[in-house]
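For reference, the structure is listed below as C-alpha cells.
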Amino acid sequence: MRFVLQFVVVVAVAAVGGQVATGVQGNPWVSLVVGLIAAAVAALAYGWIVRRTEKREVTELARSKAAGGLARGTAIGLAMFAAVIVNIWFLGDFHVDGYGSVSGALGILGFMAAAATTEELIYRGLLFRWVEKVTGTWLALLLSGVIFGASHLFNPDATLWGATAIALEAGFMLGACYAATRSLWVTIGLHFGWNFGLGGIASATVSGNGDSKGLLDTTLSGSDLVTGGAFGPEGSLYTLTAGVVLTVVFLWLAARRGTIVPMRRKSSPRVAVQ
C-alpha cells in the first residue's frame, strides 16, 4: 500500500510537470524555468510522500548531499557522452557543421532536468528500491532495467533494439549506480548529464525523440551500429559498451562498500526436538 501511494503521488506530479514542460517547448526560456521547477517539485513530492508513509528520513534524497551528488553524477554522464561521441567522430560518422543555438540548449537543459529527475524518482527511487526490499539487489536491477528499457518503446522513433540497448546500458547502469551510492542525486545527475550531452550539446536524437537543437550544429552518418540510426546514439554499440563498463564499475563499488542486498531465502522449517 505504501508503494502504491508513493507511486501515485510521484507519477501524478511527474505527469503534470511533463505536460506543462512539453507544452512550453517552443519557448526555450520558459522551458528552462518550467523544467527546473518541475524537477524541484517532483523531488519535493517524493521526499514528502516517502517521509509520510515510511516514517523515516529520506536519506536517498538528502538535501545536504544534493549539490555534490548532482555534480558527481553530471560529470560522469558528460564524460560518458564525450567518450561515445569522440569514438563516433573518430570513425568519421559525427560531423560538426557549426554553432547551434544557446537558447535552444537552455530549453533542452530544463526539459532534460525534469525528465531525468522524474524518471529516476520513479524507476530507481520507487521501483528499484521497493523490489530490492523483497528480492535483493540483483533481481531489482534486472526487473527495473527491463521495465525502464521497455518504457522507451513508446517514443516516436523507438525500435526494439533501441529499447533493449536502453535497458542494458542505462537501466542496469543507473540501478547499479544507485546500489553503489544509495543517492538519487547521483543517478539524477548521471541521467541528466548524458541526456543533456546528447541533446543540449551535440544536438543528437535522444531515445528516438527526434532531432534536438543544442549548442552545436551536427550530423550523424554511417552504420546504425555506430550512430544508433533514427533512435540516436543510445542505439550505438559504443554507448552499449560504455554503459556496460560503468555498470560493472558501479557493481564493483557496491560490492566493495557492502551495499548489495542479498536475495532473501525462505527460512527452513524448524524441526521440533522430541
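Read the figures in this text as sums done on the coordinates, not as results from a lab. If you're wondering where the values come from, they're calculated on a predicted model, not measured in any experiment. Every residue, glycine among them, receives a Cβ derived from its backbone with ideal geometry; neighbour counts consider all protein chains shown.
Annotations
- Note on the stretch 100-197: enclosed helices (runs of 4 or more DSSP H) holding 1 or more residues that are more than 24 Å from Gly47 (Cα to Cα) and touching a Phe, Trp or Tyr at 6+ places or on another chain (Cβ under 7 Å) are 102-120, 160-166, 184-196.
- Flag for Gly35 being part of a helix (DSSP H, G or I), touching a His at 6+ places or on another chain (Cβ under 8 Å) and not charged (D, E, K, R): no
- Filtered residue count, the stretch 23-57, keeping only those that are farther than 20 Å from Leu127 by Cα and loosely packed, with under 13 Cβ neighbours inside 10 Å: 3
- Among (1) in contact with a strand residue (DSSP E or B) (Cβ under 9 Å, 6 or more places away or on another chain); (2) in a loop (DSSP other than H, G, I, E, B); (3) not acidic (Asp, Glu) - the single one Val226 does not satisfy: (2)
- Flag for Gly235 being within 16 Å of Ala83 (Cα to Cα), touching a Phe, Trp or Tyr at 6+ places or on another chain (Cβ under 8 Å) and either crowded, with 20+ Cβ neighbours inside 10 Å or polar (S, T, N, Q) (or both): yes
- Residue, nearest to Ser31 (Cα to Cα), within the stretch 80-99, restricted to residues that are touching a residue at least 40 places away in the same chain (Cβ under 8 Å) and assigned to a helix (DSSP H, G or I): Phe81
- Residue list for the stretch 194-219, restricted to those being surrounded by 24 or more Cβ atoms within 10 Å (Cβ to Cβ) and small (Gly, Ala, Ser): Gly197, Gly199, Gly200, Ala202, Ser203, Ala204, Ser207, Ser212, Gly214
- Hits in the stretch 1-27 (condition: assigned to a helix (DSSP H, G or I), of a type in the set (Gly, Ala, Ser) and out of contact with any Phe, Trp or Tyr (no Cβ under 9 Å at 6 or more places or on another chain)): Ala12, Ala14, Ala15, Gly17, Gly18, Gly23
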